[in-house]
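Sharing a structure here in structure tokens format.
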Amino acid sequence: MKKVLMPFMLIMACSLFVSCEVDDDSPNFYFTALNTVEAKMPESFEVGKTYDIEVTYQRPNGCTFFEGFDVSQTAETDRDVVVVGSVLTDEDRACTEAVEEVVATLKFNVIYTKDYVFRFYAGDDDEGNATYLEYSVPIAEEASTN
């Protein structure tokens, strides 16, 4: 039985190496920051709850795809948010050049009792400086029971 399996396994191993050989090992995509157009923030947050924040961003062409959010904590309750996209760079791929507004959902868990400040990356100005859409969300007052 071993004599039959050894040649078969050798053939299988060789075919894996031959069939997976790739001539071009350069990446066919890169990551980029996408411009935020708007974020639908709640009027207030409650500590311990998770919120779905609808973020509208610009998809600049048909070769750019949503990958997620990069959220940086800049202070205890301050957050900088960047919509992250990937851009395909395949030479054989034709891309539409139409700019499209797309909505993605950012899930956010509230853990602090102070008001939150969000800054969403909105692109660069004429001088190359980052611009942001800023939103402040207060923490809801707890209803007192008398």
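Place the peptides 49-56, 30-37, 79-86 in order of packing, highest mean first, counting for every residue the other Cβ atoms within 10 Å and averaging per peptide.
Sorting 49-56, 30-37, 79-86 by mean packing, highest first, produces 79-86, 30-37, 49-56.
Name the aspartates and glutamates eligible as straight-distance cross-link partners of Lys107: C-alpha to C-alpha under 20 Å, and not fewer than 8 places from it in the same chain.
By straight Cα distance, Lys107 reaches Glu38, Glu43, Glu46, Asp52, Glu54, Glu67, Asp70, Glu76, Asp78, Asp80, Asp115, Glu134.
Then there's this: Scan around Ala122 for amide H atoms under 5 Å from its own, H built in the peptide plane at 1.01 Å from N, and keep only partners 5 or more places away or cross-chain.
Amide H neighbours of Ala122: Thr36, Thr131, Tyr132, Leu133.
While we're here: What length, rounded to one decimal in nm, is gained on full extension from Thr32 through to Lys107, with 0.36 nm per residue of separation minus their alpha-carbon distance?
Values: separation 75, 0.36 × 75 = 27.00 nm, distance 2.08 nm.
Once the chain is fully extended between Thr32 and Lys107, it gains 24.9 nm.
At 1.4 Å probe size, with the rest of the protein present, what percent of the exposed accessible area of region 59-146 is carbon and sulfur atoms?
Working: 2500 of 5730 Å².
Carbon and sulfur: 44 percent of the exposed surface of region 59-146.
Considering only protein heavy atoms, what per residue accessible area in square angstrom results for region 45-101 with a 1.4 angstrom probe? Write down the numbers at each step before the final one.
Working: 3270 Å² over 57 residues.
Heavy-atom SASA per residue in region 45-101 reads 57 Å².
Another question, then. Just subtract the alpha-carbon distance of Ala94 and Phe66 from 0.36 nm times their residue separation and send over the number in nm, one decimal.
Stretched fully, the Ala94-Phe66 segment lengthens by 8.3 nm.
The values are calculated or read from the model by the stated rules, or taken from the named source; none is laboratory data. This structure is a prediction, so every number in the text was calculated from the model and none was measured. FYI the Cβ positions are ideal-geometry reconstructions off the backbone, even for glycines, and counts take in every protein chain you see. Heavy atoms of the whole protein, side chains included, go into the accessibility calculation; ligands, DNA and RNA do not. Shrake-Rupley method; radii C 1.70, N 1.55, O 1.52, S 1.80 Å.
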